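Take a look at the structure below.
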Amino acid sequence: HWFSDWGRDTMISLPGLTISTGRPEVARSILRTFAKYVDQGMLPNRFPDAGEQPEYNTVDATLWYFEAVRAYYSATDDDTLLGELFPILADIIDWHCRGTRYNIHLDAADGLLYAGVAGVQLTWMDAKVDDWVVTPRIGKPIEVNALWYNALRTMAKFARHLGKPHQEYEAMAERAKYRFSRFWNDETGYCYDVLDSPDGNDGLLRPNQIFAVSLPESPLTPAQQRGVVEACGRSLLTSHGLRSLAPDHPQYQGEYGGNQYQRDGAYHQGTVWGWLLGPFVLAHLRVYKNPDQARQFLEPMANHLTAHGVGSLSEIFDGDAPITPRGCIAQAWTVAEVLRAWLATTS
């Protein structure tokens with residue numbers, strides 16, 4: 001409740017808060033409003049107070065926009081809005097192919113997205129204190145490329161529906177899927193978190209790979225999807241979300257608290273994020289096809305509705321038992337993703 005308007009949070013939250021609740025007109029308004037602020041193929045990360053310029057330091061908010069549009073169109077068949085937004089979506093793809101801010105560009109060698117410059121946080125793991133970027137993740141983050149693949153498949157479908165050329169999007173998607181195999185780590189049985197970072201491939205077990213299973217279009221094989229869900233379930237899953245780092249890592253922080261330096265140092269280094277429970281449930285549902293079993297992971301959140309910020313769901317929780325709620329007492333994407341996953345397991 002102390003946050004300003006964030007592009008990433010908005011697009012992640014939109015399907016759960018507007019489509020799942022039967023309010024497509026709200027979704028339509030949001031999608032059109034954000035389209036006005038697309039600049040150099042990027043959605044704003046944050047809208048500051050009046051009189052200040054929007055900030056564009058994000059690589060994933062723009063890609064989540066494609067998924068928000070897809071979810072809206074899937075529910076409404078609103079050809080008018082799709083026709084209005086398609087040129088903007090196409091321009092976004094073009095900008096990513098030729099390169100935009102913060103070294104965000106398509107690597108011609110493998111068809112995957114690279115992003116990042118020193119001193120700037122671009123992914124959702126965006127904690128920064130002064131000049132210290134806690135999790136820089138420069139290179140090719142896995143969730144960014146899962147979103148990129150999903151966006152390309154989505155664009156191909158939109159183009160076909162509107163009678164526009166779709167072959168290029170299909171070809172790019174096929175290439176991205178083929179080279180996405182680079183993320184798979186045979187030694188660990190799950191995916192690398194970041195490829196081609198300044199220090200090589202990052203093999204830390206983080207929850208970002210769950211999106212390569214939970215998004216509508218998955219670039220992983222069924223066996224790899226199962227491996228990801230099993231690894232996340234084994235080391236990251238808690239009663240109220242996924243840990244942001246596996247507990248056996250030396251940098252793992254099991255409690256969130258202290259001064260800003262200590263809090264931000266733990267924010268994505270073990271702290272549990274409630275919103276990640278939704279993608280985990282959807283990924284579990286895809287792999288095991290057992291709605292009753294998948295829904296059970298959400299039941300602690302139903303109890304949490306009456307336990308902390310009454311009537312809502314918290315932002316984060318400690319990674320260590322008893323998984324104490326922390327951060328803001330009501331956060332949009334936690335509510336949205338839990339609700340969306342609940343409906344997916346009950347329909």
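The values are calculated or read from the model by the stated rules, or taken from the named source; none is laboratory data. Quick caveat, the model's predicted, so the values are computed rather than measured. Heads up, the Cβs are rebuilt from the backbone with ideal geometry, glycines too, and the neighbour counts pull from every protein chain shown. For accessibility, only protein heavy atoms count, side chains too; no ligands or nucleic acids. Shrake-Rupley method; radii C 1.70, N 1.55, O 1.52, S 1.80 Å.
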Local electrostatic count at Ser13 - Lys and Arg +1, Asp and Glu -1, tallied over other residues with Cβ under 10 Å: 0
As computed over the stretch 168-219, the Cα convex hull volume per residue (Å³): 86 Å³
Solvent exposure of the stretch 153-219 as accessible area per residue, Å², 1.4 Å probe: 46 Å²
Rounded D (µm²/s) - the stretch 272-347, Kirkwood Rh over Cα pairs, Stokes-Einstein at 37 °C, 0.692 mPa s: 265 µm²/s
Within the accessible area of the chain (1.4 Å probe), percent carbon and sulfur: 48 percent
Computed [θ] at 222 nm, deg cm²/dmol, the chain (DSSP H ≥ 4; -39,500 (n - 2.57); rounded to nearest 500): -14000 deg cm²/dmol
Estimated inter-spin distance, Arg175 and Asp131, nm [label 7 Å along Cα→Cβ]: 3.8 nm
Solvent-accessible area of Glu230 with every protein chain in place, 1.4 Å probe, in Å² to the nearest 10: 80 Å²
Net charge over other residues, Cβ less than 10 angstrom from the Cβ of Ala159 (K, R count +1; D, E count -1): +1
Most mobile listed residue (Gly200, Gly189, Gly319) in the chain, GNM with C-alpha springs under 10 Å: Gly200
Distribution of pairwise C-alpha distances over the stretch 231-270, 10 Å bins, in %: 34, 50, 15, 1
Gyration tensor verdict on the stretch 65-216 (Cα atoms; rounded if a/c is under 1.5, prolate if a/b is larger than b/c, oblate otherwise): prolate
The stretch 191-347 - convex hull of the alpha-carbon atoms, volume per residue in Å³: 120 Å³
Relative contact order, percent, the stretch 105-214 [alpha-carbon distance under 8 Å, six or more residues apart]: 25 percent
Shape parameters for the stretch 1-81, alpha-carbon atoms, Rg then Dmax in Å: 12.6, 37
Kirkwood Rh (inverse of mean 1/r, distinct Cα pairs), the chain, angstrom: 20.3 Å
Sparsely packed trypsin sites (Lys or Arg not before Pro) within the stretch 1-85, loop by DSSP, other Cβ within 10 Å at most 15: Lys36
In the chain, lysine pairs with alpha-carbon atoms under 26 angstrom apart (chain gap of 8 or more, or interchain): 9
Cα gyration tensor category, rounded, prolate or oblate, for the stretch 33-125 with a/c compared to 1.5: oblate
Cα-based shape type of the stretch 139-205, given that a ≥ b ≥ c are square roots of the gyration tensor eigenvalues and the cut on a/c is 1.5: prolate
Inter-probe distance in nm under a simple model that places probes 7 Å from Cα toward Cβ, at Glu52 and Val310: 3.4 nm
